[in-house]
Amino acid sequence: MAKILAVDDSASMRQMVSFTLKGAGHDVVEASDGVDALEKAKSNQVDLVLTDVNMPNMDGVTLIKELRALPSYKFTPMLTLTTESGMDKKMEGKQAGATGWIVKPFSPDQLLATIKKVLG
Amino acid sequence: MSIDMSQFYQTFFDESFEGLETMESGLLGLDVGAADEETVNTIFRAAHSIKGGSATFGFTAVAEFTHVMETLLDEMRAGDRMVTEHAVDLLLQSVDCLREMLTAVQNEDAVDSERVSNVQKDLEILLNGDESSAAQTENTVEVVSENSNNVSTGWIVEFKPFDYLLKTGNDPVRLFRELSLLGEYTTTVNAENLPLFNDFDPELSYLSWTVELVGDITVESINEIFEWVDDDCELIVTAISSQDEEVVVDIDASAPEQFSQEVEEETEVSPIVENNVQELKPENAPEAKTTPAPAPAPDKRGAKKPSVDQGSIRVGIDKVDALINMVGELVITQSMLSQLGENLTQEKLEKMQDGLAQLERNTRELQESVMRIRMLPISFAFQRFPRMVRDLSHKLGKEIDLRLLGEQTELDKTVMEKIGDPLVHLVRNSIDHGIEMPDERQAAGKPRMGVVELNAFHQGGNIVIEIDDDGKGIDKEVIRNKAIEKGVISENEVLSDEQIYDLIFAPGFSTAKEVSDVSGRGVGMDVVKRNIRELGGTIEVKSEKGVGSKITIRLPLTLAILDGQLIRVGGDTYIVPLVSIIESLQVRDEQVNGIAGQAELYKLRDDYVPIVRLHDVFTLKPDSEKLTDGLIVIVEGEGNQVGLFVDDLLGQQQVVIKSLETNFRPVEGVSGATILGDGTVALILDVVGLIKLSKQERIKAA
C-alpha cells in the first residue's frame, strides 16, 4: 500500500479523497495548500501526490514544479485534480512535471481506479 | 467500494458558506474598472471550490449555477472581461442566490427555482455577449460522437517516448499493462537508440515500441491510455483492418488531432459539461416569459443566516490545543490520584491533598477554556454590514463610507447573536435618518460621502460598540414636538438633552415622516433598547445637529478575555489591562514632585503624571514605600494618565474576567477578578476608575 499526499484547499474534498484512499488501505498525508504540501512532502517521502490546482499561497502547478526539482521526487507520480474547464491547467501541470490528471468531479471509484493504474 | 458521501456534506456546507462570505466581502471591495487581481482570484477560487464540491457531492443544480458564475469570474481573472458595476451587482445577487440554494439543500428544502433561474439567466446574458459557452460545449460533444465510430478490428501503436518521460512520473510499463487489457497484444521493442554503456543515463528512456492490438477496440480507448503522455512522446496509431480508412493520430504535431484529443478528454470524464447542455436548456426555455427577479431582500438573508450558523462553531486551533493540553494534565492528575489511592497511608495524605488541589485547578482551567471557545471576534456580527450598507446606499441614492474598527474584539457567541439584529437596526437608522443626500451634504459644506463608523472595544469589563455617523444629527425640537404630539411628555415638561434623546427609545416612537421600508421594518428602537437591556447592557445617544450622532452600546462581559499584565503589590497580584499600559519605568527621585503620600507627581518628559500608590488604594503592606524601590506603570484611560506605583511586574497573560459585581459587590478601582493558574484570585484594575479616584484624592488633598 502506498503513502499518498492529498493536497486541496477545500476541506470537504480533502476529506473525501483521504477517506476514499484510507478505505483502500493507503496511508494519506493531507495538506491544505502548496506551501503546506511542500513542507510535508520534504519531511515525509510519499509514493504519489494528488494535488488540487487552484489554491491560495502556492498553487498545484508550482507545487509540482518545486517537488520535481527535488531529487527524491524526480520520478514520483504526481496527478493534478482539475476541473473540466481547465484544459490549459492540465497542460500547465504537465509542463511543470505532472504525471497526469484526474478531472473533477470524480467519484471515489474513479479516483481509486486511476490511482491503481498509476501505482500498478 | 461504496462510500457514503453524505458524511462529507457538513464540511462542504461549512466551507461553502465561508466561501460565500469571502466572495461577498471580496466583491464589495472590488474597484470597478480597476479590480485588484488577487481579490478577483480569491473570489474565483471560492466559486471554483463550491463548484467542485457541489459537483462531487451530487448537488447538480448548485454546481450548474456556480459554473456560470465561475466562467464569468474566470474571464475577469484572465482580464478578458471588465469588472463593471453591473457584473458586481449580478455576482452579489448570485452569492445570495447560492446561499439560499445551499441552505435549501442543507435543510433538504425546495429551492426557489424561479429566482435561481432568473439570476442564472442574467448571468448567462452577461456572459454570452459574444458566444455561448454552452453552444461550444455542444459542438464538441457532437464531434466526439462522430469520432467514436472509429472502431477497428486491430491497431498498430507506435510509441516512441521522449527521453525525459520517466521524469514525469509516467512508466511505459503502466501504459502497456493498460493496453494489454484492451485486447490481444504483441509488442516489439526497438533498442536502436540505446547508447553505449559509458554514455548511458539511467534516468532517461531510450527505447521505443510497436504494439499490435487485435480486437474490437476504439481509437479513443487507446488514446485514453496515452492521454497523459501525448506531449511526451511520438505516438502513431494505425488501423490494421482497412488500409483505405487509415486513422492516424500523431499527437505532437498537428493541430486538428490535438483538438480531437482535447475533445475526448472533455467528454469522457466530465459529466458536468454534458449536464449543462442537457439540463440548462429545458429550464431556461419556459422562464423567458417570467418577470424579472424581485429585488433581493436583505432581511430574509439576515434572518436565515443564524439557522445555518447554529449547528457549528469555528474555533481557533490555539483554543483547541489549550483544551487538549488541559485534558492531558487532567489525565495525569487523575492517574496520580488513583495511584495514591491504591494503598493510602497516613504519610501520603499530604500528597493526596496536593493532588486534589491540582485536580481542582485542572478542572477550573478546563472549564474556563471551554467557555473561551464561545468567544468570537465581533467581526462575525460586523461582516454583514458592508453588503447591507452598499445595498441601502444604492437604494436611497446616498454615498456612504462604512468604517469598521475593533473587529477582533471578542465577545460571547450568545451575546453576539442577540446583538446582531439591534445593530442592523441602528446602522439602518443612521443611514436612513442620519446621513443626508449627497446634494444636501454638499450644500451644508460637508463631503458628499457620509461616514458611518462601527467601533468595538473592551472597556472596564464591558464591551462597547459605537455607531457613529456624520449625518444631520438628531433635531431635539422635532423629537420634543413629536413626543408631545404622541402624549409621551406634556407640553411644558423640562427635559435634559439626554432625556430628549432617550425619547427615541419610547415604544411606538418614530420620527420618520413616513415609515420607509428601510428603517421601518421589523423592530423599533424600543425593541432595540429592550434587547440590550436584556443582555444587561445600556444604550446611549449623543448627537449634535448638523454634525452627526453617536450611539454607544455597553454590554457587560462576564466572559470577556483580557490581555493582562500581572503586577505585584506586597503579597498580592493584580492585573492591569495591557491595552491601557503606556510604559513601565523605574523611578528617579529627582523626577518626583510633592510630598510623599499626598498628590505626588512624576515628571515624565514634558508632562506631570499623578502617582497612584496602589498599596494605599487597597491598604496593603508593600515591599517598600520608597518609590525608587518599585516601579511606576503609566496607564491611560479616557485621555488621562496616571502612574501606578507597584512593587514588581510579573508576567503577561490572557485572563477570563469574572464579574465582581455579580459574585460580590462593586469595588471602586476594580473592574473584575480572575483566577490565576495557581488558583489564586487576582483583581483586575479599573484604570478609568483609578484615575477618577486619584482626581478625587487630589481635590481632597488640595
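Ranked by the mean number of other Cβ atoms within 10 Å of their residues, highest first, the peptides A:5-15, B:407-417 fall in the order A:5-15, B:407-417. Averaging 1/r over each pair of different alpha-carbon atoms in the stretch B:632-693 and inverting the result gives 12.8 Å, the Kirkwood hydrodynamic radius. When the inverse distances between all different Cα atoms of the stretch B:6-45 are averaged and flipped, the Kirkwood radius reads 11.0 angstrom. Of B:V494, B:V219, B:V320, the order by accessible heavy-atom surface (1.4 Å probe, DNA, RNA and ligands excluded), from most exposed downward, is B:V494, B:V320, B:V219.
Scattering from the stretch B:377-556 was approximated by placing one identical point on each alpha carbon and applying the Debye formula without solvent; log10 I(q)/I(0) at 0.09, 0.18 1/Å stands at -0.31, -1.25.
Kindly sort B:Y608, B:Y185, B:Y501 by accessible area of their heavy atoms, largest first, with the probe set to 1.4 Å.
Numbers: B:Y608 115, B:Y185 75, B:Y501 15 Å².
Ranked list, largest accessible area first: B:Y608, B:Y185, B:Y501.
Taking a Cβ cut-off of under 13 Å around B:G679, the surrounding Lys, Arg, Asp and Glu residues balance to a net charge of -3, with basic ones at +1 and acidic ones at -1. Take every Cα pair under 8 Å whose residues are at least 6 apart in sequence, average their separation, divide by the length of chain A, and the relative contact order is 23 percent. Please work out, to two decimal places, the log10 of the ratio I(q)/I(0) at q = 0.19 Å⁻¹ from a Debye calculation in which every Cα of the stretch B:318-373 carries one identical scatterer. Debye curve over Cα of the stretch B:318-373, log10 I(q)/I(0) at q = 0.19 Å⁻¹: -0.64. Ranked from largest to smallest solvent-accessible area, with a 1.4 Å probe on the protein heavy atoms, B:K351, B:K472 come out as B:K351, B:K472. Per residue, the convex hull spanned by the alpha carbons of the stretch B:159-224 comes to 85 Å³.
Each 5 Å bin from zero up to the one holding the largest Cα-Cα distance in the stretch A:3-119 carries the following percent of pairs: 2, 13, 26, 28, 21, 9, 1. With 0.36 nm allotted per residue and the present C-alpha distance subtracted, the B:T414-B:S6 stretch has 143.9 nm of extension available.
Using θ = phi - 60° in the Karplus curve 6.51 cos²θ - 1.76 cosθ + 1.60, the 3J(HN,Hα) couplings for the stretch B:486-496 round to 7, x, 6, 10, 8, 4, 9, 5, 9, 10, 6 Hz; x is entered for Gly and Pro.
Taking 8 Å as the Cα distance limit and 6 or more residues as the minimum spacing, I'd like the relative contact order of the stretch B:382-460 as a percentage.
Worked out over the stretch B:382-460, it gives 46 percent.
For the cross-link pairs A:K22/A:K42; A:K3/A:K117; A:K65/A:K90; A:K94/B:K167; A:K65/A:K94; B:K476/B:K550, the ones whose C-alpha atoms lie over 18 Å apart are A:K22/A:K42.
Enter the mean number of other protein chain beta carbons within 10 Å of the beta carbon of each residue in B:161-169, as an integer.
What the average comes to for B:161-169 is 4.
For the stretch B:11-125, the share of accessible area belonging to carbon and sulfur comes to 47 percent (1.4 Å probe, ligands and nucleic acids excluded). When peptides B:434-445, B:31-42 are sorted by average Cβ neighbour count within 10 Å, with the highest value leading, the order is B:434-445, B:31-42.
Solvent-accessible area per residue in the stretch B:377-556 equals 47 Å², computed with a 1.4 angstrom probe and all protein chains kept. For the stretch B:457-502, the alpha carbon convex hull comes to 112 Å³ per residue, rounded to a whole number. Interface size between chain B and chain A, please: total buried accessible area, 1.4 Å probe, rounded to the nearest 100 Å². Its buried surface, counting both partners, is about 3700 Å². Normalised by 2.2 N^0.38 Å, where N is the number of residues, the alpha-carbon radius of gyration of the stretch B:5-132 equals 1.00. Can you compute log10 of I(q)/I(0) for the stretch B:561-701 with the Debye formula, treating each Cα as one identical point scatterer, at q = 0.11, 0.13, 0.17 Å⁻¹? Each listed q maps to, in turn, -0.37, -0.52, -0.91.
Take each residue of peptide B:11-18, count the partner chain Cβ atoms within 10 Å of its Cβ, and average: the result is 3.
The residues of the stretch B:60-125 expose, per residue, 36 Å² of accessible area to a 1.4 Å probe.
For the stretch B:317-428, a Kirkwood hydrodynamic radius built from all Cα pairs, placed in the Stokes-Einstein relation at 37 °C and 0.692 mPa s, yields a translational diffusion coefficient of 182 µm²/s. With 0.36 nm allotted per residue and the present C-alpha distance subtracted, the B:D112-B:E636 stretch has 183.1 nm of extension available.
Its relative contact order, with pairs defined as Cα atoms under 8 Å and 6+ residues apart, puts the stretch B:318-373 at 58 percent.
Take each residue in A:92-105, count the other chain C-beta atoms within 10 Å of its C-beta, and the mean is 5. Using only the Cα atoms of the stretch A:61-114, build the gyration tensor, take square roots of its eigenvalues as a ≥ b ≥ c, and label the shape rounded, prolate or oblate: rounded if a/c is under 1.5, else prolate if a/b is larger than b/c, else oblate. Oblate.
Taking a straight Cα-Cα cut-off under 17 Å and skipping sequence neighbours fewer than 8 places away in the same chain, no lysines fall within cross-link reach of B:K160. Here the accessible area is traced with a 1.4 Å probe on the protein chains. For the stretch A:3-119, carbon and sulfur cover 49 percent of it. Based on every Cα atom in the stretch B:586-658, Rg and the maximum pairwise Cα distance Dmax equal 13.0, 40 Å. Rounded to the nearest 500, the helix-only mean residue ellipticity at 222 nm of chain A stands at -13500 deg cm²/dmol, with each DSSP H run of n ≥ 4 adding -39,500 (n - 2.57).
The values are calculated or read from the model by the stated rules, or taken from the named source; none is laboratory data. Since the model is a prediction, treat every value here as computed from it, not as a measurement. Cβ sites come from the backbone with ideal geometry, for glycine too, and all protein chains shown count toward neighbours. These area figures cover heavy atoms from the full protein model, side chains too; ligands, DNA and RNA do not enter into them. Shrake-Rupley method; radii C 1.70, N 1.55, O 1.52, S 1.80 Å.
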